[in-house]
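None of the figures in this text is laboratory data; all of them are computed from the coordinates on show. Owing to the predicted nature of the structure, the values given are computational and were not obtained by experimental measurement. Positions of Cβ are backbone-derived with ideal geometry, glycine not excepted, and every protein chain shown enters the neighbour counts.
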Amino acid sequence: MNTLPGKKPEQSALIRAITRLMPSNCLLCDDQVEWQHGLCKECWGTLPRNTTSCRVCALPLTGGRLCGACQTHPSALDKVVAPMIYRQPVDRIVCELKYRERLSWARTAAELIVEIIRQRDEAMPDFLVPVPMTLRAVRRRGFNQSAYIARLVGRRLRIKTRGGIIVKHRETERQSNLSYRERQSNLRGAFEVLKRPVGQSIVLIDDVVTTGSTANELARVLKKAGAAEVSAWAFARTPDKI
Ligand SMILES: [Zn+2]
Ligand SMILES: [Zn+2]
């Protein structure tokens, strides 16, 4: 049987339309049908929610409202909001997003951030700034996952994203291996503000807030350059010791 050359595009358009109508599978188990934000109902139920946390840095707490670190070292950040605890399966989601380029996870992360921001009725900033990576690191990975999340969050909440106002000039060591003082000196001079955000309120977007030192240093530098308020919205927050 002869295949008509004109048939093929039509068929593939039909297949594309059917695929769009078919429910997609859960990004995590690939077994059940997606329920919301890329996950099935069962996997959704396993997400480690960060419900009791420090009101400043979002560190998961069992009780109290301010963690020890925020009591001893006041943060330059006004607030951190993180809906998830960096624990299974959130760690797997973040690793797949960062190291296996599974960008559909950026949508899950963004939608979970949007959900908590709306639930808590958080104030909208003037703009979002994804936590910057050095040019070299972006080239190596091919993308900055925080920039993806920021764009999606910005689109849903109608907030502009201005990634270009601050750049990262040099690599910094993994913060979690360092003491508080070492973290401070490790980060000094790593960031440069290119456009002064005078009087503006900014929200930094990150995938995971680990020690909070990077976001804190960004907030310090942005405030020094004139920013009125700097908070951070992240997908997840690491517990105290991992
Ligand atoms: Zn699932
Ligand atoms: Zn805290």
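Beyond a 21 Å Cα-Cα separation, which of these cross-linked pairs lie in this structure: Lys98/Lys223; Lys195/Lys224; Lys98/Lys160; Lys79/Lys195; Lys41/Lys79?
Lys98/Lys223; Lys98/Lys160; Lys79/Lys195; Lys41/Lys79, as the Cα separations exceed 21 Å there.
For region 48-237, what relative contact order do you get, as a whole percent, if you take Cα pairs closer than 8 Å and at least 6 residues apart?
Once divided by the residue count of region 48-237, the mean separation gives 27 percent.
At a Förster radius of 25 Å, what calculated FRET efficiency corresponds to the Cβ-Cβ distance of Lys195 and Ala137, to the nearest 0.05?
0.70
Using only the alpha-carbon atoms of region 139-205, report the extent along each of the three principal axes, biggest first, to the nearest angstrom.
Projected onto the principal axes, the Cα atoms of region 139-205 cover 38, 31, 21 Å.
Give the peptides 156-165, 87-96 in descending order of average Cβ contacts within 10 Å, highest first.
87-96, 156-165
Tell me, what is the FRET efficiency for Thr72 and Lys160 to the nearest 0.05, using R0 = 25 angstrom and their Cβ-Cβ distance as r?
Once rounded, the FRET efficiency stands at 0.10.
Going by amide H atoms built from the backbone, whose H comes under 5 Å of the H on Asn50, apart from near neighbours?
Sorted by chain and number, the residues that satisfy this are Met84, Ile85.
Pop out the ³J(HN,Hα) list for region 145-158 in order, Karplus 6.51 cos²θ - 1.76 cosθ + 1.60 with θ = phi - 60°, rounded to Hz; leave Gly and Pro as x.
Karplus values, whole Hz, x for Gly and Pro: 4, 5, 5, 4, 4, 4, 4, 5, 5, x, 5, 5, 9, 6.
In the chain, what percentage of the DSSP-assigned beta bridges are antiparallel, given to the nearest 5?
Counting only bridges with both partners in the chain, antiparallel ones make up about 30 percent.
Testing the spin-label approximation: label points 7 Å from Cα along Cα→Cβ at Cys95 and Thr51. State their distance in nm.
For Cys95 paired with Thr51, the spin-label model returns 2.7 nm.
Considering the alpha-carbon set of the chain alone, what are its Rg and its Dmax in angstrom?
20.2, 79
Whole angstrom only: what separates the Cα centroid of region 195-237 from the Cα centroid of region 25-46?
After rounding, the separation between the Cα centres reads 32 Å.
Pop out the ³J(HN,Hα) list for region 50-57 in order, Karplus 6.51 cos²θ - 1.76 cosθ + 1.60 with θ = phi - 60°, rounded to Hz; leave Gly and Pro as x.
Going residue by residue, I get 8, 8, 10, 9, 4, 6, 9, 9 Hz, with x marking Gly and Pro.
Can you tell me the dipole magnitude for the chain around its Cα centre, using point charges on the Cβ only (Lys, Arg +1; Asp, Glu -1), in Debye to the nearest 20?
660
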